[in-house]
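Have a look at the structure below, then the notes.
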Amino acid sequence: MSFAPVLDDLPLRRSPYLRRFEELIAPKTDSEFDSMAKIARSLTLQNFGRTMRLFAPLYLSNECINNCRYCGFSRDNPILRVTLTLDEVAAEADHLLQRGFRQLLLVAGEHPKFVSNDYLSDCVRLLAPNFPSVAIEVGPVTEENYQPIVRAGAEALVVYQETYDRVVYNELHTSGPKRDFNWRLDCAERGYRAGFKRLGICALFGLSRWQDDAVALAAHVEYLLKHCWQAQISVSLPRIRPAAGAYRPPFSLTDRELAQLICAFRISFPQVGIVLSTRERASLRDALIRLGVTSMSAGSHTEPGGYTRRGTEHLHRTVRGRIIAPEFQDGEDVLATGQFEISDERSPAEIASVLRKQGLEPVWKDWDQALASVV
Ligand code: SF4
């Protein structure tokens, strides 16, 4: 079972669903776009009610052995790095708990030495009692290595394919295990077999022609709905943001195209979750939540220790992967480097208030591990 042959066959073979999706993302007049928006809004209401899940990313580590040209955590970037201790993770989580969050996304670069399977399991075990929904977004591992993380209490797995174009993928991932395209592509299915109840996938828009990645992402969703039918599937539609390394994306996805893409996913896959992160600016997020989005991050930090300034005592700088002692200048901000710049900097409380004003109920918790025994 693998999505790879389906992806490679896409130029020749597309299901009726995918052909419909392609039509939905083709250029539209204003009135056609308005009709799409109305249908998307109504389908979202029918399937998800007037609700919006709120979650927060908790960055555990920015160590990474990969070089991905668009990412601030790339191994060769001379950035300030840290892997939080369990006490520091607990402090960050407590900060988020106080702000109402019960759904966490644990994020880390790929570095088996610092971000080992045991470390991830320990983090999840530590947080699961207070957070009914713990998701992970970390370097892909085997099904067997996902199992202890699931047993520790993680219920969701998020993996970005970045781009579904093999040639572009190869050019962007210049070294490290992430160069293995198929290993990443099959990650969601390995996670499903290991027991994750939610699977999140996406492309990072800006790396390749957005229409091609969108069709491939839709094909991947269609495939997972068929082959991982017991899991809840969600998609994110992130656009690339400025980061260390100063990568300039060669392609763009305009605000209007992003809105149309959200509508196209909602119309094509009425029951699939759509995630919107703080990469997008506040005014745009406020407009997009009315279309088809079902889950949002709020008040996010992309640097490990960013919520509480923990971990600063054991920061180090790396130069081409070699650890060197950092030399701080007076007044220099000594937090670890973030993965990318956040655009919507409003607090979780402000986001919740915006949602209520739009007639939506912010949902801080919609899953309990106790339910796992009855589904
Ligand atoms: S995208 Fe992920 S794997 Fe690539 S450098 Fe960034 S953290 Fe590492």
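The values are calculated or read from the model by the stated rules, or taken from the named source; none is laboratory data. All of these numbers come straight from a predicted model, not from anything done at the bench. Backbone-built Cβ (ideal geometry, glycine too); neighbour counts: all protein chains shown. Only protein heavy atoms, including side chains, enter the accessible area calculation; ligands, DNA and RNA are left aside. Shrake-Rupley method; radii C 1.70, N 1.55, O 1.52, S 1.80 Å.
Figures for the structure shown
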quantity: The listed residue being among the charged types (D, E, K, R) and either buried (at least 16 other Cβ atoms within 10 Å of the Cβ) or at pLDDT 95 or above (or both), out of GLU341, GLU345, GLU303, GLU327; calculated: GLU303
quantity: Out of VAL293, VAL275, sole residue that is buried (at least 21 other Cβ atoms within 10 Å of the Cβ), within 21 Å of ARG41 (Cα to Cα) and aliphatic (A, V, I, L, M); calculated: VAL293
quantity: Single unsatisfied condition, GLN232 versus (1) touching an Asp or Glu at 6+ places or on another chain (Cβ under 8 Å); (2) farther than 27 Å from SER74 by Cα; (3) surrounded by fewer than 20 Cβ atoms within 10 Å (Cβ to Cβ); (4) not charged (D, E, K, R); calculated: (1)
quantity: One residue from ARG241, ARG322, ARG310 being closer than 23 Å to LEU335 by Cβ, of a type in the set (Lys, Arg) and in contact with a Ser or Thr (Cβ under 8 Å, 6 or more places away or on another chain); calculated: ARG241
quantity: Candidate set from the range 150-164 (those that are closer than 14 Å to LEU199 by Cβ and in contact with a helix residue (DSSP H, G or I) (Cβ under 8 Å, 6 or more places away or on another chain)); member that is most open to solvent (accessible area, probe 1.4 Å); calculated: VAL150
quantity: Residues that are of a type in the set (A, V, I, L, M, F, W, C) and within 19 Å of the chain's Cα centre (by Cα), drawn from the range 110-126; calculated: VAL115, LEU120, CYS123, VAL124
quantity: Filter pass, ARG239 being basic (Lys, Arg), within 16 Å of the ligand (Cβ to nearest atom) and either without any contact (Cβ under 8 Å) to a residue 12 or more places away in the chain or in contact with a Gly (Cβ under 7 Å, 6 or more places away or on another chain) (or both); calculated: yes
quantity: Those residues of the range 19-39 which are among the hydroxyl-bearing types (Ser, Thr, Tyr) and either over 19 Å from GLN211 (Cα atoms) or part of a helix (DSSP H, G or I) (or both), in sequence order; calculated: SER31, SER35
quantity: Residues being within 11 Å of SER61 (Cα to Cα) and either away from the ligand (no atom under 16 Å from the Cβ) or open to solvent by 20 Å² or more (accessible area, probe 1.4 Å) (or both) - total across the range 91-111; calculated: 2
quantity: Selected residue (criterion: modelled with the highest pLDDT) from residues of the range 1-26 that are among the aromatic types (Phe, Trp, Tyr) and farther than 22 Å from ARG184 by Cβ; calculated: PHE21
quantity: Residue, nearest to the ligand (Cβ to nearest atom), within the range 13-60, restricted to residues that are among the hydroxyl-bearing types (Ser, Thr, Tyr) and surrounded by 22 or more Cβ atoms within 10 Å (Cβ to Cβ); calculated: TYR59
quantity: Only one of ILE25, ILE39 that is under 24 Å from LYS357 (Cα atoms) and among the β-branched types (Val, Ile, Thr); calculated: ILE39
quantity: Residues of the range 61-76 classified as open to solvent by 10 Å² or more (accessible area, probe 1.4 Å), more than 11 Å from LEU172 (Cα to Cα) and more than 8 Å from the ligand (Cβ to nearest atom), total; calculated: 1
quantity: Members of the range 77-90 found to be of a type outside the set (Asp, Glu), more than 16 Å from the ligand (Cβ to nearest atom) and either at pLDDT below 95 or open to solvent by 20 Å² or more (accessible area, probe 1.4 Å) (or both), listed by number; calculated: THR85, LEU86, ALA90
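Yes/no matrix, rows are residues, columns are (1) touching a residue at least 12 places away in the same chain (Cβ under 8 Å); (2) of a type outside the set (Gly, Ala, Ser):
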position	(1), (2)
PHE3	yes, yes
PRO11	no, yes
SER35	no, no
MET52	yes, yes
